[in-house]
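Single-structure report; data block below.
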Amino acid sequence: MRHLLTLEDLDRTTITRLLDRAEHYRHDGAPRGLLSGRTVLTLFFEPSTRTRTSFVLAAKRLGADNVNFDLSHSSTVKGESLLDTLHTLEAMQLDALVVRHNENGMPKYLADHANTGVAIVNAGDGTHAHPTQGLLDALTIRQRRPDFENLRVTICGDIRHSRVARSDAQALHTLGVRDIRLCAPRAMLPETLHELPGCATSEDFDTALEGADVVVMLRIQKERMADAQLPDATDYHAHYGLDARRLARAAKDCQVLHPGPINRGIEIAPEVADGPQSRILDQVANGVVTRMAVLAELLTQPA
Ligand code: NCD
């Protein structure tokens, strides 16, 4: 593995190795100074709370130097191209560049132009992929249910615009999940299932929840939709909001995930977000160790 751009091309052995490493870090911590002397730079062109902070913490906990590229004070606002920015940063002895961008494929473009020795990590590109979220969600699920082949997983919300849905589905499919149900109103269902292996779609949330062992709730990605496409919040909650009454349709021990940020009262009711079946804060904790595992994997393998 030289870069991490998508989960599409990772096999089960590689994903399992990353999850095992993350789990190991969660219990025993990382070897001291594993990445000491290495430099990890985070470059975010879209807002982020969890992903950015957890990459920064991951780099620090591995002993790497971390630079948070502040876009509002950088030359990109003066019109410097992304490639010029990349080459400028490379000249400062960069080892890994963690990038989030609103355009699909931008991390791949950077990877195609990066010097050998610089690893590009995709922290979310447009609607395309969010590989570390896919990994951390798989880790979270595995902590309670390692028997992926028996799981029924429902992913509900704005699937069409969700890079999380794509990366979750790819990770879970590769790990052996056979029943993945994507649920949304028609306008939020994906136009093609091409990047969503092993998935079936439905517009009826009550049916899609029947017997589910895991439910992943997603935010409506307003920033990727025209105002006219936005559903009424009350109406949306009535049909696609997860509350305690609805959750009762799922399996008794169904785990509830959400990548955040959550919109309470729209896609998820507070009683569920804060309830005993919620894994939302476990996802956050797993995010740090998963990103540590990814950085360690990319920066310590033999050249
Ligand atoms: C997600 C993202 O940015 O794709 N959030 C995250 O990384 N935790 C989902 C979202 O923004 O709704």
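The values are calculated or read from the model by the stated rules, or taken from the named source; none is laboratory data. These numbers come from a predicted model, not from an experiment. Here Cβ is always computed from backbone atoms with ideal geometry, including for glycine, and neighbour counts include all displayed protein chains. For the accessible areas, the whole protein counts, side chains as well, though only heavy atoms, and no ligand, DNA or RNA atoms are used. Shrake-Rupley method; radii C 1.70, N 1.55, O 1.52, S 1.80 Å.
Charged neighbours of His258, selected by a Cβ distance under 12 Å, balance to -1 (K, R count +1; D, E count -1).
When each full DSSP H helix of the chain is screened for a Cα extent of at least 27 Å along its own axis and an average Kyte-Doolittle hydropathy of at least -0.5, the helices passing are 280-300.
So what is the relative contact order for the range 173-303, in percent, with contacts set as C-alpha pairs under 8 Å and at least six apart? Intermediate values should be presented prior to the final figure.
On the way: 143 pairs, mean separation 28.5, N = 131.
Value for the range 173-303: 22 percent.
Can you send over the carbon and sulfur percentage of the accessible area for the range 41-118, probe radius 1.4 Å, protein chains only? Carbon and sulfur: 50 percent of the exposed surface of the range 41-118.
Per residue, the range 145-278 exposes an accessible area of 42 Å² to a 1.4 Å probe, with every protein chain left in place.
Here the range 145-278 has 50 percent of its accessible surface on carbon and sulfur atoms, given a 1.4 Å probe and all protein chains in place.
The calculated FRET efficiency for the pair Glu149 and Asp9, based on their C-beta separation and a Förster distance of 22 Å, comes to about 0.55. Taking the chain as a Gaussian network of alpha-carbon nodes connected by springs under 10 Å, the highest mean-square fluctuation of the residues Ala123, Ala91, Ala138 belongs to Ala91.
Please report the relative contact order for the chain, taking Cα pairs under 8 Å with a sequence separation of at least 6, and give it as a percent rounded to a whole number.
Working: 578 pairs, mean separation 64.8, N = 303.
So the answer I get is 21 percent.
Only beta bridges with both residues in the chain are counted; by DSSP, about 5 percent of them are antiparallel.
Express in whole angstrom the spacing between the alpha-carbon centres of the range 1-34 and the range 75-91. Answer, in whole Å: 30. The orientation-averaged projected area of the convex hull spanned by the Cα atoms of the chain comes to 15.3 nm². When the Cα gyration tensor is reduced to axis lengths a ≥ b ≥ c, the ratio a/c is 1.5 or higher for the range 145-278, and with a/b not above b/c it is classed as oblate. Once backbone amide H atoms are built at 1.01 Å from N, Val216 has Thr154, Ile155, Cys156, Leu257 as its partners under 5 Å, excluding neighbours fewer than 5 places away on the same chain.
Using a 4.7 Å Cβ-Cβ cutoff, the cysteines of the chain lacking any partner cysteine are Cys199, Cys254.
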